[in-house]
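To start, the structure itself, in structure tokens.
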Amino acid sequence: MIYLASPYSHTDPNIMQQRFEAVEAKAAELMKEGVPAYSPIVHGHAMAQKHDLPTDFAFWQNHCISMLKKADSMIVLALDGWDKSIGVMAEIKFCHANAIDVIFVNA
């Protein structure tokens with residue numbers, strides 16, 4: 001399974017929506033290619049909106065790391081801000097510490 005990481009949280013809800021749409025499109029592309037991919041953003045975006053859940057990594061960290069432990073590798077969708085994302089940087093650090101390959105792709 002591929003874990004698909006991307007930045008998400010932002011003070012501007014329009015940017016969060018754009019980030020969700022970009023990673024959703026990438027997840028769909030991977031699935032069309034037969035690649036089993038999981039994105040915590042695709043999984044949690046609608047749920048967070050519908051059920052008023054927090055959108056920060058502190059809230060989602062346990063869920064994300066639990067899923068990342070099951071991954072064969074991680075793809076980072078290099079959207080603007082990926083290198084400033086607390087969540088993406090923590091996920092990369094986890095991968096490096098646990099010998100999980102990290103692959104960067106442009107949006």
Review point. Right, Val102: touching a strand residue (DSSP E or B) at 6+ places or on another chain (Cβ under 6 Å), open to solvent by 20 Å² or more (accessible area, probe 1.4 Å) and modelled with pLDDT of 95 or more or not?
Key: yes
Review point. What do you reckon, is Pro40 under 23 Å from Ile15 (Cβ atoms) and free of Cβ contacts under 8 Å to residues at least 24 places away in the same chain?
Key: no
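When you check Gln17 against the structure, is it among the polar types (S, T, N, Q), modelled with pLDDT of 95 or more, under 15 Å from Tyr3 (Cβ atoms) and outside any loop (DSSP other than H, G, I, E, B), yes or no?
Details: among the polar types (S, T, N, Q): yes; modelled with pLDDT of 95 or more: yes; under 15 Å from Tyr3 (Cβ atoms): no; outside any loop (DSSP other than H, G, I, E, B): yes.
Judged against the criteria, Gln17 is not a match.
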Practice item. Of the conditions (1) part of a helix (DSSP H, G or I); (2) touching a strand residue (DSSP E or B) at 6+ places or on another chain (Cβ under 9 Å); (3) open to solvent by 20 Å² or more (accessible area, probe 1.4 Å), Ala107 clears all except one; give me its number. Key: (1)
Check your understanding: Does Met47 satisfy the condition of being touching a residue at least 40 places away in the same chain (Cβ under 8 Å) and either aliphatic (A, V, I, L, M) or open to solvent by 80 Å² or more (accessible area, probe 1.4 Å) (or both)?
Key -> no
Check your understanding: In region 53-107, which residues are over 14 Å from the mean Cα position of the chain (by Cα), aliphatic (A, V, I, L, M) and farther than 23 Å from Gln18 by Cβ?
Key -> Ala97, Ala99, Ile100
Practice item. Looking only at region 25-33, decide whether some residue is touching a helix residue (DSSP H, G or I) at 6+ places or on another chain (Cβ under 8 Å) and farther than 14 Å from Ile86 by Cβ. Key: yes
Practice item. Looking only at region 56-67, decide whether some residue is more than 18 Å from Asn14 (Cα to Cα), outside any strand (DSSP E or B), of a type in the set (Val, Ile, Thr) and at pLDDT 95 or above. Key: yes
Review point. Hey, any hits in region 10-18 for a residue that's crowded, with 18+ Cβ neighbours inside 10 Å, touching a residue at least 24 places away in the same chain (Cβ under 8 Å) and in contact with a Leu (Cβ under 9 Å, 6 or more places away or on another chain)?
Key: no
Check your understanding: From the set of residues in region 74-99 that are closer than 14 Å to Tyr3 by Cα and β-branched (Val, Ile, Thr), which is surrounded by the fewest Cβ atoms within 10 Å (Cβ to Cβ)?
Key -> Ile92
Check your understanding: When both residues are 6+ apart or on different chains and their Cβ atoms are under 8 Å apart, which pairs have a first residue that lies in region 68-97 and is over 24 Å from Glu29 (Cβ atoms), and a second that is open to solvent by less than 10 Å² (accessible area, probe 1.4 Å) and outside any helix (DSSP H, G or I)?
Key -> Lys84/Pro7
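The values are calculated or read from the model by the stated rules, or taken from the named source; none is laboratory data. Remember, it's a predicted structure, so these values are computed and weren't measured experimentally. Here Cβ is always computed from backbone atoms with ideal geometry, including for glycine, and neighbour counts include all displayed protein chains. The area values use the complete protein model at the heavy-atom level, side chains included, leaving out ligands, DNA and RNA. Shrake-Rupley method; radii C 1.70, N 1.55, O 1.52, S 1.80 Å.
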